[in-house]
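Note sheet for the following structure.
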């Protein structure tokens, strides 16, 4: 790309800061490997030679880390979530490496390394063998497959076009869940918000109701706030944001976070996920997915009994969030 990837602008900051902030939520301490000639400091590992490659940074971290296990994350591998990290750690390999397998190939820069591997790493560096995969061929390795939906968000940002596409797909998106009363909408969305928060992503939640605001405010809005939403808004029949009927365009200015999570609004002409009980609910199109036992032949659905399996549905929505959401720029304003 003609420049250091770590300093690329992303979502109002730079790429390495985003990865660093995420790692602080799942591990500690966090070390950052930087190129030869850059400034050092607390938690910064400076390469000893101009072109050592990532293996030198891994070796340096294995030498100084205070714990038995090292989580390695490349600065340009985006879309990693806390559940993925937990899965890697849960399936770690004593004396070896547990690595993600993305699109059929091992991803050693999204992996958990045991500190005993440092002997093999330094031996390879001594003999000028700097390929990370060479080390993997000499230690125990476990490859871990993640859901197919993860492949599109676990790629490298190799070009400027990759970065632009990632921002387009990931920044400021809308996901809307509708369904009958008691179908589990709030439970599902609180679970989704928690998973977004664990992944280092933020959400603003909106509950849409046909009842007056004072009548509707209560446990649902408290639950959404308690899940970690940056803000929760209640749009009632008495027009919380404006006089007269309100619609999706009224909510767009509220999206101060990466995600606008909307509960309700089944008559809106906005993309939505619909909860069903045996048949597709009467909602306005477009419907991106039907959740629950249905007979309508939807191309995307998750068989579940709601609300008892709300956590499973929240997991499904999180895993498929890019496929089941749309950029805010595409939300109808009429």
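All of the numbers you see were taken from the coordinates with simple rules; none came from a lab. These numbers were taken from a predicted model, which means no experiment stands behind them. All Cβ positions, glycine included, derive from the backbone under ideal geometry; neighbour counts span all protein chains shown.
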Exercise for review: Sort the following peptides by mean Cβ neighbour count (other Cβ atoms within 10 Å, averaged over residues), highest first: 60-69, 91-100, 267-276.
Suggested key: 267-276, 91-100, 60-69
Review point. Is the shape of the stretch 30-71 rounded, prolate or oblate, going by the alpha carbon gyration tensor and its root eigenvalues a ≥ b ≥ c, with a/c under 1.5 for rounded and a/b larger than b/c for prolate?
Key: oblate
Study note, to complete from the structure: A correct fewest-to-most ranking of 319, 186 by other Cβ atoms within 10 Å would be 319, 186
Point to revise | Protection-proxy order for peptides 120-132, 76-88, each taking the mean of Cβ atoms within 10 Å per residue, highest first | key: 76-88, 120-132
Check your understanding: Pulled fully out, how much extra length does the chain show between residue 63 and residue 44, if you take 0.36 nm times their separation in residues and subtract their Cα-Cα distance?
Key -> 5.5 nm
Review point. Among 175, 44, 144, what is the fewest-to-most ranking by other Cβ atoms within 10 Å?
Key: 44, 144, 175
